[in-house]
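To start, the structure itself, in structure tokens.
The values are calculated or read from the model by the stated rules, or taken from the named source; none is laboratory data. Everything numeric here is computed off the predicted structure, so don't read it as measured data. Methodologically, a virtual Cβ is constructed for each residue, glycine included, from the backbone with ideal geometry; neighbour enumeration extends over all protein chains shown. To get the accessible areas, we keep the full protein, side chains included, count just its heavy atoms, and leave off ligands, DNA and RNA. Shrake-Rupley method; radii C 1.70, N 1.55, O 1.52, S 1.80 Å.
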Amino acid sequence: MSQKLKQKKPQIFTFKHGIHPNEEKHHTENMPITTLLPPAGAEIIIPLLQHLGAPCKPLVTKGQKVLLGEKIGDSDVFVSSPVHSTVSGTVKDILPHLTVMGNIIDSIIIENDGEFKEHESIKLRDGFDDLSGEQILAIIREAGIVGLGGAGFPAHVKLSPPPGSKIDLIIVNGCECEPYLTTDNRVMIEESDRIVTGLQIILKIIAGAKGIIAVEDNKPEAIEALRKSCAAYKERTAKTGGADISVAVVKTKYPQGAEKQLINAITGKEVPSGKYPSDTGCIVNNVDTVIAIHRAIFRGRPLMRRVVTLTGGAVKNPGNYKARIGTKLSDLVEMAGGYKANPAKIIVGGPLMGTAIFDTEVPIVKTAGGVLFLTEKEAFIPPERNCIRCGSCVENCPANLLPLELNADVLKEDSEAFVRHNGLECIECGSCSYICPSKRRLAQSIRTIRRVELARRRNKT
């Protein structure tokens with residue numbers, strides 16, 4: 001038998017169930033990231049809540065001059081994250097404002113002076129060998145870094161597991177399984193060295209853990225770039241014994257990038273109901289979150305920018321754009337070339353888990369990784385028909401639920417049955433609605449009652 005035949009195929013990790021929607025990534029996946037800076041005079045709107053947890057309180061007042069990177073909002077609650085000015089300019093007002101996520105949040109409105117003068121807190125650092133894990137966590141917290149995969153969980157909280165927790169694996173999530181979105185793919189290709197070094201920083205906080213960068217197999221350029229960066233890192237640390245960092249290729253499938261599904265794919269472990277990933281010994285961070293940590297440590301820069309995929313048949317120049325947080329979506333579209341057709345639907349995020357919006361005079365926030373401007377043809381959804389009891393939703397549900405039963409509970413307004421049928425375990429991925437041949441609004445109905453029930457429980461505590 002030849003040596004070639006003896007070679008094993010590289011392992012490709014995955015989880016049970018899930019779907020394979022049309023990717024639609026070809027519109028932007030080969031387009032390098034372009035920086036778009038807001039012009040002088042533009043309004044920058046900084047919401048005081050861009051994360052899971054307690055909202056910030058303003059640290060500035062109307063009429064005050066602010067500098068790029070200056071902290072303008074903070075909270076003394078542990079599960080929270082400060083916000084910073086992403087331009088230099090003057091505070092015009094502080095008032096409630098609609099955001100791209102569809103909620104109304106107290107926001108600081110700044111008139112950009114176009115000079116981008118940096119605050120004195122932004123300082124370069126040569127390395128992090130002299131920093132303790134506690135000092136690194138403090139820098140991450142002060143930089144306002146949150147999960148950039150969409151959840152917005154404060155990074156310093158996620159990297160502070162409960163006492164007694166044994167964390168043995170840090171997973172960097174580069175799956176980006178939602179159709180249309182390609183920002184994670186581009187940052188992995190263009191900033192692979194920073195991802196590896198950022199992971200090394202995290203592994204100094206979580207001593208004894210190893211690091212894995214998980215990438216779907218439909219991103220060969222990203223896989224190659226990260227493997228080269230890992231090899232270069234291992235060569236640099238061969239004598240000193242660096243942390244264990246590697247790349248894992250996972251199957252292209254939705255929702256491969258969901259935290260619990262990714263942990264299951266990589267480790268075979270299941271996160272128990274009501275528990276956290278740390279209970280399985282794992283912590284998952286998005287690739288761009290890791291880059292933000294690198295930037296905070298080496299360049300002293302807080303989280304001020306967001307890489308956004310602008311795509312869909314209604315935009316003139318689909319692409320991946322590095323935008324200042326707080327830039328109005330209308331300004332961002334104009335800077336990117338404007339529309340070539342009137343969008344029939346605008347979705348922030350991907351088509352399966354995103355939020356439809358009706359107003360573009362809203363600011364880009366930390367958790368907005370893409371905006372879809374769909375034509376009438378792209379946005380068309382067939383009319384809802386009766387369930388034919390085919391079981392496709394059950395067969396493909398990545399959380400092993402019974403979406404058709406949960407939908408029936410919703411229609412009967414039976415919240416007790418919904419909870420009894422484990423509806424709170426739904427991850428709201430939308431796989432059931434996508435795969436349903438009758439185009440039942442399964443995910444939409446489940447999402448509504450689930451959020452009502454979760455809010456009711458929070459108000460009880």
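Leaving out ligands, DNA and RNA, and with a 1.4 Å probe, what % of the accessible surface on the stretch 161-254 is carbon or sulfur?
Carbon and sulfur: 50 percent of the exposed surface of the stretch 161-254.
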(request) Provide the gained length on full extension for the span Asn386 to Ala455, in nm with one decimal, where the gain is 0.36 nm per separating residue minus the Cα-Cα distance. (result) 21.8 nm
(message) Which of rounded, prolate or oblate describes the stretch 98-146 when judged by the alpha-carbon gyration tensor and an a/c cut-off of 1.5?
(response) oblate
(request) Could you state the accessible area per residue of the chain in Å², with a 1.4 Å probe and every protein chain left in place? (result) 46 Å²
(request) Please name which of Ala222, Ile140, Phe15 has its Cα lying farthest along the dipole of the chain towards the positive end, using unit charges on Cβ (Lys, Arg +1; Asp, Glu -1) and the Cα centre as origin. (result) Phe15
(request) Check the stretch 1-130 and count each lysine pair with an alpha-carbon distance under 27 angstrom, considering only pairs eight or more places apart or from different chains. (result) 18
(message) Cut-off 19 Å, label point 7 angstrom out along Cα-to-Cβ of Asn317: give me the residues of the stretch 16-40 whose amide nitrogen falls inside.
(response) 27-40
(request) Using a/c under 1.5 as the rounded threshold, could you call the chain rounded, prolate or oblate? The axes a ≥ b ≥ c are square roots of the C-alpha gyration tensor eigenvalues, and prolate needs a/b larger than b/c, oblate otherwise. (result) rounded
(request) Treat each spin label as a single point 7 Å out from the Cα along the C-beta direction, and report the Ser132 to Lys204 distance in nm. (result) 1.4 nm
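Might you report the magnitude of the Cβ-based charge dipole of the stretch 42-86 about its Cα centre, with Lys and Arg at +1 and Asp and Glu at -1, to the nearest 20 debye?
120 debye
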(message) Lone cysteines in the chain, defined as no other cysteine's Cβ under 4.7 Å from theirs: which are they?
(response) Cys56, Cys175, Cys177, Cys230, Cys282, Cys387, Cys390, Cys397, Cys426, Cys429, Cys436
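Per-residue ellipticity at 222 nm for the chain, helices alone: DSSP H runs ≥ 4 residues times -39500 (n - 2.57), over residue total, nearest 500 deg cm²/dmol?
Here the helix-only value at 222 nm equals -8000 deg cm²/dmol.
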(message) Tell me the carbon and sulfur percent of the accessible area for the stretch 266-384, rounded to whole percent, probe radius 1.4 Å.
(response) 50 percent
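Nearest 0.05, what FRET efficiency do Glu221 and Gln11 give at R0 = 35 Å with Cβ-Cβ as r?
0.95
Rounding to the nearest 20 debye, state how big the charge dipole of the stretch 304-359 is about its Cα centre with +1 on each Lys and Arg Cβ and -1 on each Asp and Glu Cβ.
Its charge dipole is roughly 180 debye.
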(request) Give me the distance in nm between label points sitting 7 Å out from Cα along the Cα-to-Cβ direction at Leu124 and Lys234, one decimal. (result) 3.2 nm
(message) Need one word for the stretch 54-146: rounded, prolate or oblate. Basis is the Cα gyration tensor (sqrt eigenvalues a ≥ b ≥ c); a/c below 1.5 gives rounded, then a/b vs b/c decides.
(response) oblate
(request) Averaging over all projection directions, find the projected area of the Cα convex hull of the stretch 178-271 and quote it in nm² with one decimal place. (result) 6.4 nm²
(request) Could you tell me the distance between the Cα centroids of the stretch 26-103 and the stretch 107-158, to the nearest Å? (result) 13 Å
(request) Obtain the nm distance between the two label points defined at Glu376 and Val77 by a simple spin-label model: each point lies 7 Å from its Cα along the Cα-to-C-beta direction. (result) 4.5 nm
(request) State the extension gain, in nm to one decimal, for the chain segment bounded by Lys117 and Lys251, taking 0.36 nm per residue of separation less the distance between their alpha-carbons. (result) 43.8 nm
(request) Within the stretch 1-110, list the trypsin sites (Lys or Arg not before Pro) lying in a DSSP loop whose Cβ has at most 16 other Cβ atoms in a 10 Å radius. (result) Lys8, Lys16, Lys62
(message) Sorting check: for 158-169, 394-405, 41-52, which peptide has the highest mean count of neighbouring beta carbons within 10 Å, and how do the rest follow?
(response) 41-52, 394-405, 158-169
(request) Estimate the FRET efficiency between Glu428 and Lys57 by the formula 1/(1 + (r/R0)^6), using the beta-carbon distance for r and 25 Å for R0, to the nearest 0.05. (result) 0.25
(message) What's the magnitude of the charge dipole for the chain around its Cα centre, counting Lys and Arg as +1 and Asp and Glu as -1 at the beta-carbon? Answer in Debye, nearest 20.
(response) 960 debye
(request) Run down the lysines and flag those whose C-alpha is under 20 Å from the C-alpha of Lys166, throwing out any fewer than 8 positions away in its chain. (result) Lys158, Lys204, Lys210, Lys260, Lys269, Lys275
(request) Could you count how many Lys pairs in the stretch 343-461 have their Cα atoms under 20 Å apart, skipping same-chain pairs fewer than 8 positions apart? (result) 4
